[in-house]
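Single-structure report; data block below.
The values are calculated or read from the model by the stated rules, or taken from the named source; none is laboratory data. Everything quoted here is computed from the prediction, not taken from an experiment. Virtual Cβ from ideal backbone geometry, glycine too; neighbours counted across all protein chains shown.
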Amino acid sequence: MNLVGIAWELDRLRWVPSGVLADVVARDGLCMWAFSDVPPWGDEELTDRELAARMCAGCPVRDECLELELRTAGADTVGVWGALSADDRRELYPHWLRRGERAERGPCS
Ligand code: SF4
């Protein structure tokens, strides 16, 4: 996994307010509407990395979701967001921090 490359890709969202990211993810995030009942992998034992690969495949707002989670949860992240497991996001976080300024950091209001 190219963490530096992922952090670099998120730069395009640098100045997008967190509230806008939250609205976009809530509106267009695949997991927000596609799996209202039991998801197709409901009976399988999956690692978070496997779950991220399945749940987030084809989601049109993966970058927005990942950027928002890095801003709001930082290294304290839990679960699957932005097509990455929590372990992968924790590894990504210092690379993302090094990319510099953001429109906002911390919990979105
Ligand atoms: S990237 Fe994954 S966790 Fe985020 S909104 Fe899309 S499906 Fe949901």
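Return the total of residues in segment 2-26 being touching a residue at least 60 places away in the same chain (Cβ under 8 Å) and β-branched (Val, Ile, Thr). Give the steps one after another, and end with the answer.
Filtering segment 2-26 for residues touching a residue at least 60 places away in the same chain (Cβ under 8 Å) gives 3-4, 6-8, 10-11, 14-19, 21-22.
Subsequent filtering for residues that are β-branched (Val, Ile, Thr) retains 4, 6, 16.
Of the residues in that region, 3 qualify.
Looking for whichever is within 25 Å of PRO94 (Cα to Cα) and of a type in the set (Asp, Glu) here; the options are ASP63, ASP43, ASP28. Which one fits?
Unique residue meeting the criteria: ASP63.
Every residue in segment 69-98 that is surrounded by 15 or more Cβ atoms within 10 Å (Cβ to Cβ), of a type outside the set (Val, Ile, Thr) and touching an Asp or Glu at 6+ places or on another chain (Cβ under 8 Å), please.
Residues satisfying the conditions are ARG71, TRP81, GLY82, SER85, ALA86, ARG89.
What single numbered condition from (1) more than 10 Å from the ligand (Cβ to nearest atom); (2) surrounded by 15 or more Cβ atoms within 10 Å (Cβ to Cβ) fails to hold for GLU64?
(1)
Being farther than 18 Å from GLY82 by Cβ and of a type in the set (A, V, I, L, M, F, W, C) is the filter here, so list the residues in segment 30-64 that pass it.
Within segment 30-64, VAL38, TRP41 qualify.
Among the residues of segment 31-39, is there at least one that is crowded, with 20+ Cβ neighbours inside 10 Å and in contact (Cβ under 8 Å) with a residue 24 or more places away in the chain?
no
Enumerate the helices (runs of 4 or more DSSP H) found wholly within segment 1-48, keeping only those where 2 or more residues are modelled with pLDDT of 85 or more and closer than 15 Å to GLY100 by Cα. Steps first, answer last, please.
Working: elements: 3-9, 18-28, 30-33.
Fully inside segment 1-48 and qualifying: 3-9.
Output the qualifying pairs, or none if there are none: Cβ atoms under 9 angstrom, residues six or more apart or on different chains, first residue in segment 80-107 and on the phi > 0 side of the Ramachandran plot, second residue of a type in the set (Gly, Ala, Ser) and within 16 Å of the ligand (Cβ to nearest atom).
Pairs found: GLY82/ALA52; ALA83/ALA52; ALA83/ALA53; ALA83/ALA57; GLY106/SER18.
Go through GLU45, GLU91 for me and flag whichever is of a type in the set (Asp, Glu) and closer than 23 Å to GLY5 by Cα.
GLU91
Does any residue of segment 85-96 turn out to be within 13 Å of the ligand (Cβ to nearest atom), at pLDDT 95 or above, over 22 Å from ASP28 (Cβ atoms) and in contact with a Gly (Cβ under 8 Å, 6 or more places away or on another chain)?
yes
Mind listing whichever residues of segment 49-91 are of a type outside the set (Val, Ile, Thr) and part of a loop (DSSP other than H, G, I, E, B)? Give the steps one after another, and end with the answer.
The first filter runs over segment 49-91 and keeps only residues of a type outside the set (Val, Ile, Thr), leaving 49-60, 62-71, 73-76, 79, 81-91.
Scanning segment 49-91 gives CYS56, ALA57, GLY58, CYS59, PRO60, ALA73, GLY79, GLY82, ALA83, SER85.
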